[in-house]
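Below is one structure; the comments refer to it alone.
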Amino acid sequence: MAGKKGSSPSVYKYYKVSGDKAERTKKECSRCGKGVFMSNHKDRRSCGKCGLTEFNQ
């Protein structure tokens, strides 16, 4: 049986642990909230859940 729907087994790659603190390496979606990360592209960031796109300048 696979995990819960929408859970990602590679989510541990989205955090960097330094000492006793965990830092996010990817930005969270401002529309979806906590736990939904945006993918990094060459010229933009996009959310796979809601489709929000932020363009880099």
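The values are calculated or read from the model by the stated rules, or taken from the named source; none is laboratory data. Please read all numbers here as calculations on a predicted model, not as lab measurements. Don't worry about glycine lacking a Cβ; one is built from the backbone with ideal geometry, like all the others, and counts go over all protein chains shown.
Taking the condition of being at pLDDT below 85 and not in a loop (DSSP other than H, G, I, E, B), how many residues in segment 40-57 meet it?
Within segment 40-57, residues that are at pLDDT below 85 and not in a loop (DSSP other than H, G, I, E, B) number 0.
Can MET1 be described as hydrophobic (A, V, I, L, M, F, W, C) and modelled with pLDDT of 90 or more?
In short, no.
I'd like the full set of residues that are surrounded by 11 or more Cβ atoms within 10 Å (Cβ to Cβ), part of a strand (DSSP E or B) and at pLDDT below 90, limited to segment 23-39.
Once the filter is applied, which keeps residues that are surrounded by 11 or more Cβ atoms within 10 Å (Cβ to Cβ), part of a strand (DSSP E or B) and at pLDDT below 90, segment 23-39 yields only PHE37.
Any residue in segment 2-20 that is charged (D, E, K, R) sitting within a Cβ distance under 6 Å of a residue that is surrounded by 10 or more Cβ atoms within 10 Å (Cβ to Cβ) and at pLDDT 75 or above? List the pairs, counting only those 6 or more apart or interchain.
LYS16/THR25
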